[in-house]
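In what follows, a single structure is set out as structure tokens and then discussed.
The values are calculated or read from the model by the stated rules, or taken from the named source; none is laboratory data. What you see is a predicted model, and the numbers here were worked out from it, not measured in a lab. Here Cβ is always computed from backbone atoms with ideal geometry, including for glycine, and neighbour counts include all displayed protein chains.
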Amino acid sequence: MTVDGVAAIESTRPQRGANQHLNLMGALYLGGTVAQMAQSVHKAAQAVGNYSGCIRSLQINEKAYDLRIASRDSKLGINIGQCGADPCSNAPCMNNGRCSAGLDKPFKCNCASGYEGVLCERLVDVCATNPCLFGGMCTQTGGSFVCACPSGRIGKTCEKDLLNNDEEAAMTALFEGDGCVRLAPFRADVDVTFNADVWLKPSSPNGIVFYWGHSDPAGRYVNGDFVALVLVNFVPHFFWNVGSGVSSVSASSPLDENTWSSVKFGRHLRNGSVGINDGPVARSLSPPNRSHLNLGSFSAYLGGVPNFAALPAIAKFNNSFSGGIQQLTINGAAVNIK
Ligand SMILES: [Ca+2]
């Protein structure tokens, strides 16, 4: 093999039997292989990925190959472009990485937080450094992490002592199954947007986590707007009614029992959503003609309600929540929950 006319390097394969012929059938690939072949080919060639850069011409045994896509010699091109064109135009960087390129230079990917690699193709192992303190267990969620804190510790990295931290203790409530908290009136303009984020540590699979809705003078629900977060078999369900009927959307996975998780739920006009930690967000659209959430001065409840007649007649609304609730925020503002 020679490179740029430099003296050839030669190597001879040990002779084994009489087979000294190169017999090839099937397609010739340039620049890489298709996905289903990639693993075995990369292993055999000790390569880590497909070639990235320009290839101007290919000649084998005096025959020049036409490298233009769909030409006489090139049957299929995947993820390739014209050299000289902007190498970022094919959006080579993965996972929201930003591509930058200089003149005659290969492109460079600036990876989003939590990703690494030439194409930002790998998740950074954020748990490798064990960020959770006091024996907390780290779980990777996308590019971030969640700590399952030991009893008595809270916070992103379990850095806070629940018992010796008045501020945090005031923000944590433990529910045994029939208790509930009526939240003090709080200022939140939820007419167009209602977005809530709450940390839960459920100890039983079903229950009302949050309810805020209309009630008549006797404290019963007859009709009207409401928003509710309910656990069903540990799966967070967000229910809402902005006047056009009850809608719901459920998270794509259950919460872990006895483990703190963040649940984000809410709706913008008719678009409801719910998600756990930094995982996928499930979405659903409520029926048309009504889109504003009108809650006036009605009270909001955590962990259940004092009287189940205050709730819409929905089968999943039959239990109070059991476990811990902390750090409720509504439209970005912390709500005192004790
Ligand atoms: Ca309404």
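For the range 107-130, taking the residues that are in a strand (DSSP E or B) and of a type outside the set (D, E), the one that is farthest from the chain's Cα centre (by Cα) is identified as K108. Within the set S252, S297, S248, S244, the sole residue that is free of Cβ contacts under 8 Å to residues at least 40 places away in the same chain, surrounded by fewer than 18 Cβ atoms within 10 Å (Cβ to Cβ) and in the same structural domain as T193 (by TED's automatic domain parsing) turns out to be S252. Checking the structure you have, find out if any residue of the range 318-328 is under 25 Å from S262 (Cα atoms), surrounded by fewer than 16 Cβ atoms within 10 Å (Cβ to Cβ) and in the same structural domain as G243 (by TED's automatic domain parsing). Looking for residues that are under 25 Å from S262 (Cα atoms), surrounded by fewer than 16 Cβ atoms within 10 Å (Cβ to Cβ) and in the same structural domain as G243 (by TED's automatic domain parsing), one finds at least one in the range 318-328, hence yes. The combined condition, being part of a loop (DSSP other than H, G, I, E, B) and either within 29 Å of the chain's Cα centre (by Cα) or within 16 Å of the ligand (Cβ to nearest atom) (or both), is not fulfilled by G272. Here the range 212-245 is the region considered, the condition is being more than 26 Å from the chain's Cα centre (by Cα) and assigned to a strand (DSSP E or B), and the residue that is nearest to the ligand (Cβ to nearest atom) is N241. Close contacts from the range 206-218, counting a first residue that is without any contact (Cβ under 8 Å) to a residue 24 or more places away in the chain and farther than 16 Å from A313 by Cα and a second that is surrounded by fewer than 18 Cβ atoms within 10 Å (Cβ to Cβ) and polar (S, T, N, Q), with Cβ to Cβ under 8 Å and a gap of 6+ residues or different chains, come to none at all. Just wondering, is there one or more residues in the range 299-306 that are touching a His at 6+ places or on another chain (Cβ under 8 Å) and either under 20 Å from T329 (Cβ atoms) or away from the ligand (no atom under 16 Å from the Cβ) (or both)? No, that holds for no residue.
Just so you know, in the range 280-294 the residues that are in a strand (DSSP E or B) and surrounded by fewer than 16 Cβ atoms within 10 Å (Cβ to Cβ) include one that is nearest to the ligand (Cβ to nearest atom), and it is L285. Among the candidates L200, L174, the residue that is of a type outside the set (S, T, Y), within 26 Å of G324 (Cα to Cα) and crowded, with 18+ Cβ neighbours inside 10 Å is uniquely L200.
Based on this model, can you work out whether G97 counts as closer than 24 Å to G275 by Cβ, modelled with pLDDT under 80 and not basic (K, R)? For G97, the condition - closer than 24 Å to G275 by Cβ, modelled with pLDDT under 80 and not basic (K, R) - is not met.
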